[in-house]
Each structure stands twice: as structure tokens, then as C-alpha cells.
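What follows is a set of notes on a single structure, which appears directly below.
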Amino acid sequence: MKNFVLSSLTAFIFSSVLWVIWSFFTVQSGVIPNWVGSLIYLPHAARVLMIVYFGWRSIPGLYLAELWGPYFIAEEAYNVPLLMTSLISVLSVPAALYSLKFFGFPLGTTRQSPLNKRNYQHIGLITMISSFFNALLVNFCLSQMHVNFEPKTGMFVEADINQVLRFFIGDMLGVLLVFVLLAIFLKPVLSKS
């Protein structure tokens, strides 16, 4: 129980810090225009890194941060029911891990493991697949709620491919940026131990 609470709390704090940093540069300060800010989406890094390293125990904290983050940025701007889209976003990483495991590439910690937590290329693969799931499923959900999309014909709404690509690229670049910054900042600490 102690590990569950600690992992979830760590995930919440890490994700919340990334939400605050991302919102400062994209929304609050206006340094980066909002549409460009979505091309470097930092909170996806918390999802990937926390679930890869802490497992399912980090999911509640990540989910709470996904609900808290948009309200912190601009409560009036996020009129979307966030419960479903936030859940999809958080579960995109376990979906990526389970799909890799289904195809015979389980995540492990040894060199013999098909996917290793310590290999940045494997983290990149998990990031790519989870970004794909997140972009596709969240935009499908948003299109069905008629949030960002106008209905074309009938009951189904066509999702905008540009928005799906922006979500995918933003998640990928956000994880890359956070991963590089963490590697730079943590290298002196890890080299001493």
C-alpha cells in the first residue's frame, strides 16, 4: 500500500509540474503561441515515464493530474467533459505496453528482455505507440462529443487529420524534450552513485 501511494503521489506531482511548465510557456506567458505549444506537449512524458518505471500504481495519480491540469491552465477554456478523454490519455501507455506484449515484446529490466526500461530506444518505441493511441482515440472521442469538430453527414463526425497529427507529434516531441532534460539534469547525480 505504501508503494502504491508513493508511486501515485510521485506521478501526480511530476505530471502536475509538467502541466504547470507547459502552461506557462504556451498559455500564460504567450511566449509560444498555443497551437505551437501543442506541438511540444510535455504532460505525455509523465504518462510514459511514470507508467514504464512505476507501473499501474502511477495511474491514479496521473489521472488526477490529467483532470487537474486543464483546470489549472484555464478553467473556462476547457468546457470538454474531461473524464473520458483524460482516462484515454492515461491508458494509452498501458495500451501500448499490452500491445507490445501481445506481439511478444514484454517490458523487462534485463538485457535479455525484448524491451528494456533502461534503453532509450525502447522508451521511444513505447512513446511512439502510446502517442498514436492517444492521438487517435482522444480525437475520436472528441469528434463524437462534437467538441472540436463539425458534423459532416449522419451521426459520425470526421476527425481532422491535422489535429490528430498535432496530438501525435506533440506527444512525441514533449517526451523527447523532457527525456533529454532529465538526462542532462540527472547525469551528475547518477554518475556519483
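The values are calculated or read from the model by the stated rules, or taken from the named source; none is laboratory data. What you see is a predicted model, and the numbers here were worked out from it, not measured in a lab. Heads up, the Cβs are rebuilt from the backbone with ideal geometry, glycines too, and the neighbour counts pull from every protein chain shown.
Taking region 90-108, which residues are surrounded by 19 or more Cβ atoms within 10 Å (Cβ to Cβ) and not aliphatic (A, V, I, L, M)?
92
Going through 89, 131, 113 one at a time, which residue ends up being modelled with pLDDT under 95, among the polar types (S, T, N, Q) and under 22 Å from residue 63 (Cβ atoms)?
89
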